[in-house]
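In what follows, a single structure is set out as structure tokens and then discussed.
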Amino acid sequence: MNYTLHQIQVFIKVVQFQSITKAAEELFMTQPAVSIQLKNFQDQFEIPLYEVVGRKLHVTEFGHEIYQMAEKIMNEVYAINYKTQAFKGFLSGRLSISVVSTGKYVMPYFLSGFMNEHQGIDLVMDVTNKSKVIQSVEKNEIDFALVSIVPDFLKVEEEILLENHLFLIGNQDFDYGNEEHEVELLKTLPLIYREEGSATRAVMEGFLEKSKLSIRKKVELTSNEAVKQAVIAGLGFSIMPLIGIKNELESGELKIIPMKGFPIKSEWRLIWLKNKKLSPVALEFLKYLRAEKEHILEKNFYWIKKYV
């Protein structure tokens, strides 16, 4: 056996994403470079680590076993680096956060100052759908998660970061006037939904149910970016978080439709398992958030007041 740490790192990312393309993006490598490193790693084992069926990569049972050991190896490597930094007097370690997809417009602003202050900390931030975020919390795989809705069954601690405002939006081709419309207008509009399991969809369906409106679903899409583009193109209308449509509102590509009962409000909150023993890095991050939160809001989210 003569595999390298780099090959192990590549293999880990390929298994995590089940995709050479996505692994390459995550590692800032080209796809051919990832394929070469993956092949070189595979060549050192007589048993297949993965199979490619059609265009889809499947990790074998043996591959999953090797993956678990590979993760332990890399964790030990990280531990060596962190211990070195600690002896130099620096705060060091890993900070792992799972973020729902729309949260990518929120979380980086609460991280940048902290990461700049502590060069010895490695950040692992996974942006995914709500279901996977909640699973990560349940399994205690991460330090924190950023969500707008917490399931009742999950016992967590939380730190509120920011109000989440959702509006009904359409494109620039229609004049909606300045008067507030009745919610019954929604019955006449082709609505675009996020996929099942999305927090945005849950809020949207909760509002429609509360308003006792029966809506025929028009389009279902799997990301807020896809929904934005569909609305801009004129495929329909949607209820979306304000935080994710700032640029399109300023450019005029999207418009907020005045409607009674809007905006729908929830809160962006950082959560972690109740009674979880937080690492020194996680504790320091919480301390930073509580001290700097108001400053971060004033500096980066002042524009929200224009719409609410």
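Below, the figures for the structure above:
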quantity	calculated
Breaking point among (1) farther than 24 Å from Ser136 by Cβ; (2) more than 27 Å from the chain's Cα centre (by Cα), for Glu61	(1)
Selection from region 1-34 of residues that are farther than 15 Å from Val52 by Cβ and touching a strand residue (DSSP E or B) at 6+ places or on another chain (Cβ under 8 Å)	none
Count of region 273-303 residues which are without any contact (Cβ under 8 Å) to a residue 24 or more places away in the chain and either among the acidic types (Asp, Glu) or in contact with a Leu (Cβ under 8 Å, 6 or more places away or on another chain) (or both)	2
Close pairs (7 angstrom Cβ cut-off, 6 or more residues apart or separate chains): under 16 Å from Ile169 (Cβ atoms) in region 181-195, assigned to a loop (DSSP other than H, G, I, E, B) and among the β-branched types (Val, Ile, Thr) anywhere	His181/Ile257; Leu186/Ile215; Leu191/Ile215
Odd one out for Lys265, checked against (1) assigned to a helix (DSSP H, G or I); (2) closer than 25 Å to Ala202 by Cα; (3) touching a residue at least 40 places away in the same chain (Cβ under 8 Å)	(1)
Single residue of Leu270, Leu221 found to be in contact with a helix residue (DSSP H, G or I) (Cβ under 9 Å, 6 or more places away or on another chain), modelled with pLDDT under 90 and of a type in the set (A, V, I, L, M, F, W, C)	Leu221
Flag for Ile243 being assigned to a helix (DSSP H, G or I) and touching a residue at least 24 places away in the same chain (Cβ under 8 Å)	yes
Test: residue in region 226-239 that is hydroxyl-bearing (Ser, Thr, Tyr), under 18 Å from Asn171 (Cα atoms) and surrounded by fewer than 17 Cβ atoms within 10 Å (Cβ to Cβ)	no
Among residues of region 228-240, those that are touching a helix residue (DSSP H, G or I) at 6+ places or on another chain (Cβ under 8 Å) and assigned to a helix (DSSP H, G or I), counted	2
Check on Ile66, part of a helix (DSSP H, G or I), at pLDDT 85 or above and over 29 Å from Asn116 (Cα atoms)	yes
Which listed residue, of Ile192, Ile245, is under 25 Å from Val133 (Cα atoms), in contact with a Gly (Cβ under 7 Å, 6 or more places away or on another chain) and surrounded by 15 or more Cβ atoms within 10 Å (Cβ to Cβ)	Ile192
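The values are calculated or read from the model by the stated rules, or taken from the named source; none is laboratory data. Since the model is a prediction, treat every value here as computed from it, not as a measurement. Glycine gets a Cβ as well: all are built from the backbone with ideal geometry, and neighbour counts include every protein chain shown.
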